[in-house]
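Visitor: The structure is given below, and queries will be raised subsequently.
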Amino acid sequence: MKNIYKILIAFVGVLAVSCNTDSVDERPTLSVGTAPEITAPATGQSYVLDVEKAGEEVAKFTWSAAQYSSAVAVKYTLLIDKKGGDFKSAVTLQTTTNSIKEVSVLARELNQAAIDLGGQPEVAAQYDVKVTANVSGEFVQVSKGLITISVTPYTGKVPYDFVEWYLVGDATVSGWDNNKGNQILFRSATNSNEYTFTGFFKKGYFKAIKNLGNWAPMYGGSNGTLVYRATDGDADPASIEVPADGYYKFKMDVQKLTYTFDAYAAGATAPTYSTIGIIGSATSKGWDASTPMVKSTFNAHVWTLGVTPLNDGEIKFRANDAWDVSWGGKTPFSGVSTGDNTPVSKSKYLIYFNDLDGSYLMIPNQ
């Protein structure tokens, strides 16, 4: 009887090995075929980039499909390098998945790629572009040819690793429109997680959004606790209530997830100015004359200046084209007035100022 069991076990083992061997032999294998090829734009195309149109599409790149021996999900990567480069230090313009064979490249994306590859602002230079394909990181194919384009970038990138937040709601200037001149929050110079706005609010409600035109990411809340909404699929947080028309100070900390919203009595009696402008060595007029800002019709103490080129240097904010009243801070990009000159690095900026508390915010437009 024992011998019968031994024979049976041996037979089952041989059968298992045989089945496993057959399975391995029958597994499909993948091999590469024809590499993709860029079909548009044509080689020789020139792009003179405009900072005023940084968020607009400047070029659409399309290419033929990469061929493999089986139907697989292909990932494409569009690469750019300086003309004649070996692509070892190439910049990725965009990637696509699910076999999408075209991408729209924005002016700011192409601009930054050119700057990262050594391009000089306002100077045309030649760049090579090619596309690669892979399946799960392997079976890489490189486009059979490349195209050469000319790019004239605008002012280069200033290191800026900060996030902006905007108010939305019927208590604010934009109402519940998430892309209509929404009031920006002023970021602390010493704590990048802390944002404030001091000014006029109408009776009603408001929230904070990160990206104009989008409802997420968003912050809402109640009783001093912030509630974060990461995506449109997440629950909508409660709106923060404004009990009556008036001046208030709103402060939120996105790390601690806390906020305060307090009456600001001084707002009702604070002086108002007919003009406020920027002046200093960083401006085109130097210290000789102010560049005027635009006063909000909703908040009489809030001022903005559209995309403005500034040089390496310093600026101050001053009222009524005189030196009787002026503001400036020690820190670049954001802060509260300390009476100092505000340091500036060469770029083009969106500029915001609040004369109630001396808060300023300067965002490189890149």
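The values are calculated or read from the model by the stated rules, or taken from the named source; none is laboratory data. As the structure is a prediction and not an experimental result, all values here were calculated from the model. Neighbour counts run over all protein chains shown; Cβ positions are idealised from the backbone, glycine included. Only protein heavy atoms, including side chains, enter the accessible area calculation; ligands, DNA and RNA are left aside. Shrake-Rupley method; radii C 1.70, N 1.55, O 1.52, S 1.80 Å.
Visitor: Looking only at residues that are in contact (Cβ under 8 Å) with a residue 40 or more places away in the chain and among the aliphatic types (A, V, I, L, M) in the stretch 280-299, which one is least open to solvent (accessible area, probe 1.4 Å)?
Guide: Among them, the one singled out is A282.
Visitor: Kindly state which strands (runs of 3 or more DSSP E) lie completely within the stretch 50-155 and contain at least 2 residues that are open to solvent by 50 Å² or more (accessible area, probe 1.4 Å) and either of a type outside the set (F, W, Y) or within 30 Å of L350 (Cα to Cα) (or both). Walk me through how you get there before you give the answer.
Guide: Numbers: elements: 57-63, 75-82, 91-96, 102-106, 125-135, 138-142, 147-152.
Strands (runs of 3 or more DSSP E) meeting the threshold: 57-63, 75-82, 91-96, 138-142.
Visitor: Looking at A171, is it surrounded by 15 or more Cβ atoms within 10 Å (Cβ to Cβ) and at pLDDT 95 or above? Outline the logic, then answer.
Guide: Numbers: surrounded by 15 or more Cβ atoms within 10 Å (Cβ to Cβ): yes; at pLDDT 95 or above: yes.
For A171, the condition - surrounded by 15 or more Cβ atoms within 10 Å (Cβ to Cβ) and at pLDDT 95 or above - is met.
Visitor: Considering only the stretch 227-238, I want to know if a residue exists there that is in contact with a Gly (Cβ under 8 Å, 6 or more places away or on another chain), closer than 30 Å to D321 by Cα and modelled with pLDDT of 95 or more. Walk me through how you get there before you give the answer.
Guide: In the first step, residues of the stretch 227-238 are kept if they are in contact with a Gly (Cβ under 8 Å, 6 or more places away or on another chain); the result is 227, 229, 236-238.
Filter again for closer than 30 Å to D321 by Cα, leaving none.
Scanning the stretch 227-238 turns up no residue that is in contact with a Gly (Cβ under 8 Å, 6 or more places away or on another chain), closer than 30 Å to D321 by Cα and modelled with pLDDT of 95 or more.
Visitor: For the structure I just gave you, tell me whether G224 is touching a residue at least 24 places away in the same chain (Cβ under 8 Å) and closer than 29 Å to Y349 by Cβ.
Guide: Criteria not met by G224.
Visitor: Being farther than 23 Å from D161 by Cα and out of contact with any strand residue (DSSP E or B) (no Cβ under 9 Å at 6 or more places or on another chain) is the filter; apply it to the stretch 185-233 and report the residue that is most open to solvent (accessible area, probe 1.4 Å).
Guide: So, considering only residues that are farther than 23 Å from D161 by Cα and out of contact with any strand residue (DSSP E or B) (no Cβ under 9 Å at 6 or more places or on another chain), the one most open to solvent (accessible area, probe 1.4 Å) is N223.
Visitor: Another one. Sort out which residues of the stretch 353-366 are at pLDDT 95 or above and open to solvent by 40 Å² or more (accessible area, probe 1.4 Å), and write them in order of number.
Guide: D357
Visitor: I'd like to check which strands (runs of 3 or more DSSP E) are fully inside the stretch 301-351 and have at least 1 residues that are farther than 28 Å from T269 by Cα and open to solvent by 50 Å² or more (accessible area, probe 1.4 Å).
Guide: On the way: elements: 302-310, 313-319, 334-336, 342-344.
The strands (runs of 3 or more DSSP E) meeting that bar are 302-310, 313-319.
Visitor: Please work out which residue is nearest to A171 (Cα to Cα), limiting yourself to the stretch 300-329 and to residues that are of a type in the set (D, E, K, R) and touching a residue at least 40 places away in the same chain (Cβ under 8 Å).
Guide: Checked the stretch 300-329; the qualifying residue nearest to A171 (Cα to Cα) is R318.
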